[in-house]
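What follows is a set of notes on a single structure, which appears directly below.
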Amino acid sequence: MGLFDKVFGVQSRIQDTLSPAEAFAAIALAAIASDGYLSDEEAHSLSVSLSRMKLFRSYPEDVKRKLFDKLLGILRREGPGALLNSAQESLPHDLRETAFAIATDLVLADGVVTEEEKDFLGQLHESLEIPHEIGLKIVEVMLIKNRG
């Protein structure tokens with residue numbers, strides 16, 4: 001049983017393995033939904049953040065929309081634990097710190113950090129095996145970035 005299975009009390013039932021891009025987007029989506037609410041503004045911020053990355057630059061809008069529809073469907077049907085377990089398994093090691101940084105940035109962007117969001121980031125940090133010093137630096141930089 002994986003880390004998120006224990007936290008959320010579910011077992012992953014996702015049949016399809018996520019691609020690296022889907023895994024990355026799944027983590028970012030889970031981050032903005034970790035407070036139990038997904039606003040249009042948060043969804044737009046997610047889309048903009050991913051569009052700036054090399055990983056997603058070649059994705060046409062309709063492909064990105066299908067990707068998000070797939071991930072939202074998994075989130076609704078299977079729950080956050082299953083989505084994150086699958087994402088963690090599919091995410092390349094060299095993208096783990098980047099995924100944590102984007103997730104942290106998205107959580108901090110609205111200026112309010114709920115307990116659920118704090119817990120999510122802590123669990124994500126641990127499950128992605130981000131070294132403590134790196135995780136702390138990422139959080140500090142994102143706090144500075146989102147001050148204004």
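Under 19 Å from the Cα of K145, which aspartates and glutamates turn up, not counting those fewer than eight places away in the same chain?
Within the straight-line limit of under 19 Å, K145 reaches these aspartates and glutamates: E41, E42, E97, D105, D110, E117, E133.
Let me spell out the model: positive unit charges on the Cβ of Lys and Arg, negative unit charges on the Cβ of Asp and Glu, origin at the Cα centre of the chain. What dipole size does that give, in debye rounded to 20? The partial results should precede the final answer.
Working: 16 positive and 24 negative charges, 85 e Å.
Using only the charged Cβ atoms, the result is roughly 400 debye.
Hey, in the GNM for the chain with a 10 angstrom Cα cutoff, which one of K137, K54, K64 fluctuates hardest?
K54
So which residue, out of R77, R96, R57, gets the largest mean-square fluctuation from a GNM of the chain using Cα contacts under 10 Å as springs?
Greatest mean-square fluctuation among the candidates belongs to R57.
List every residue whose amide H lies under 5 Å from the amide H of L128, counting only residues 5 or more places away in sequence or on a different chain, with H placed 1.01 Å from N in the peptide plane.
For L128, whose amide H was placed from the backbone, there are no distant partners under 5 Å.
Of [x] 11.4; [y] 9.4; [z] 8.3, which one was derived for mean projected area of the Cα convex hull in nm² from the structure shown?
[z]
Highest GNM mean-square fluctuation, the chain, Cα pairs closer than 10 Å: which of S127, S86, S58?
Greatest mean-square fluctuation among the candidates belongs to S58.
Quick check on the chain: helices-only [θ] at 222 nm, where DSSP H runs of length 4 and up contribute -39,500 (n - 2.57) each and the sum goes over total residues. Nearest 500, please.
Working: 9 runs with 105 residues, N = 148.
It lands at -22000 deg cm²/dmol.
Go through V113, A99, I144 and say which Cα lies farthest out towards the positive end of the charge dipole of the chain; charges sit on Cβ, +1 for Lys and Arg, -1 for Asp and Glu.
A99
Read-outs throughout are calculated quantities, based only on the coordinates presented, and are distinct from any laboratory measurement. Just so it is clear, the model here is predicted, and its values are computed rather than measured. Here Cβ is always computed from backbone atoms with ideal geometry, including for glycine, and neighbour counts include all displayed protein chains.
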